[in-house]
Amino acid sequence: MTTETAIRVLLADDQALLRQTFRILLDSCEDIEVVGEAADGREAVERTRALRPDVVVMDIRMPGTDGLAATTEICADEELSDTRVLILTTFEIDEYVARALRAGASGFLGKDASADDLIAAVRTVATGESLLSPQATRLLISRFIATPEPAQPSPSAEVLSVLTSRELEAVALAAQGLSNTDIAEQLFVSPLTARTHIHRAMSKLGARDRAQLVVIAYQSGLVKPASEG
């Protein structure tokens, strides 16, 4: 049984057995409902547009249109702005993960993750409140996202001029992987105030979620990759 406010999930993976396993697992949660499946990237895009899920659990490696191309198309569609993409990966080629984050994915999860990890990941991405695996995400951002692809120039520091000084501080801390509670402690404010700063920054910068906000922080130069100090 799912609740009326259940998180609606679309599963995109070319392995039918894996989709079935994920469906059974997620449907066992009262607050999550699997509304559809897709066997490749093209079908994932089409079914996302038809079903409008809250979260798409997306495998990167699929035949035909892969998960990366599908993620790019979904995240670029303004009519799907409320849909979040959770990338599944074996971490064999982490640059793919970074490119997915650049494209607008909200987080990533290894295929060797536990059942509890998958459930928690879906819930986390659905809220847009935090990144998954902060340390691993920061590593990927440091290695790849801070260096944009030629076809995708970085936003300049001028885009940050719309933020207040407090919002800038909050975004910089979020880019380092800090939670709202951690940010609140650093800024000597309440967690609610920290959350408000983050949400206002997301709204002003047009970031669909916290992951994209972090990408903007690195690409605009607000935060430097670890290798640059």
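The values are calculated or read from the model by the stated rules, or taken from the named source; none is laboratory data. Because the structure is a prediction, the values reported are computed rather than measured. Neighbour counts are summed over all protein chains in view; Cβ atoms, including those assigned to glycine, are modelled from backbone coordinates with ideal geometry.
Go through 101, 109 for me and flag whichever is in a strand (DSSP E or B) and closer than 19 Å to residue 215 by Cβ. Being in a strand (DSSP E or B) and closer than 19 Å to residue 215 by Cβ holds for just one of 101, 109, which is 109. Listed conditions (1) in a helix (DSSP H, G or I); (2) surrounded by 15 or more Cβ atoms within 10 Å (Cβ to Cβ) are all met by residue 85, apart from (1).
Scanning the stretch 29-77 for residues that are assigned to a loop (DSSP other than H, G, I, E, B), of a type in the set (Val, Ile, Thr) and free of Cβ contacts under 8 Å to residues at least 40 places away in the same chain yields a single hit, 65. When the stretch 142-173 is filtered for residues that are under 19 Å from the mean Cα position of the chain (by Cα) and at pLDDT 90 or above, the ones remaining, listed by number, are 170, 171, 172, 173. If residue 123 passes every condition in (1) at pLDDT 90 or above; (2) charged (D, E, K, R); (3) outside the structural domain of residue 89 (by TED's automatic domain parsing) but one, which one does it miss? Of the numbered conditions (1) at pLDDT 90 or above; (2) charged (D, E, K, R); (3) outside the structural domain of residue 89 (by TED's automatic domain parsing), the odd one out for residue 123 is (3). For the stretch 18-28, the count of residues that are farther than 23 Å from residue 123 by Cβ and surrounded by fewer than 21 Cβ atoms within 10 Å (Cβ to Cβ) is zero. Annotation: of all residues in the stretch 84-93 being more than 15 Å from the chain's Cα centre (by Cα) and over 12 Å from residue 66 (Cβ atoms), the one that is modelled with the lowest pLDDT is 92.
Only one of the numbered conditions (1) touching an Asp or Glu at 6+ places or on another chain (Cβ under 8 Å); (2) of a type in the set (A, V, I, L, M); (3) at pLDDT below 95 is violated by residue 12, and that is (3). Looking across the stretch 201-221 at every residue that is touching a helix residue (DSSP H, G or I) at 6+ places or on another chain (Cβ under 8 Å) and surrounded by fewer than 17 Cβ atoms within 10 Å (Cβ to Cβ), the one that is modelled with the highest pLDDT is identified as 204. Annotation: of all residues in the stretch 41-58 being more than 19 Å from the chain's Cα centre (by Cα) and surrounded by fewer than 19 Cβ atoms within 10 Å (Cβ to Cβ), the one that is nearest to residue 87 (Cα to Cα) is 42. Does residue 203 count as under 27 Å from residue 82 (Cβ atoms), in contact (Cβ under 8 Å) with a residue 12 or more places away in the chain and out of contact with any Cys (no Cβ under 6 Å at 6 or more places or on another chain)? Criteria not met by residue 203.
One residue stands out among those in the stretch 49-83 that are within 21 Å of residue 23 (Cα to Cα) and β-branched (Val, Ile, Thr): the one that is modelled with the lowest pLDDT, which is 60.
Where the second residue is in a helix (DSSP H, G or I) and modelled with pLDDT under 95 and the first is hydrophobic (A, V, I, L, M, F, W, C) and lies in the stretch 16-27, which pairs have Cβ atoms under 6 Å and are six or more apart or on separate chains? Sorted first by the residue in the stretch 16-27, then by its partner, the pairs are 25/115.
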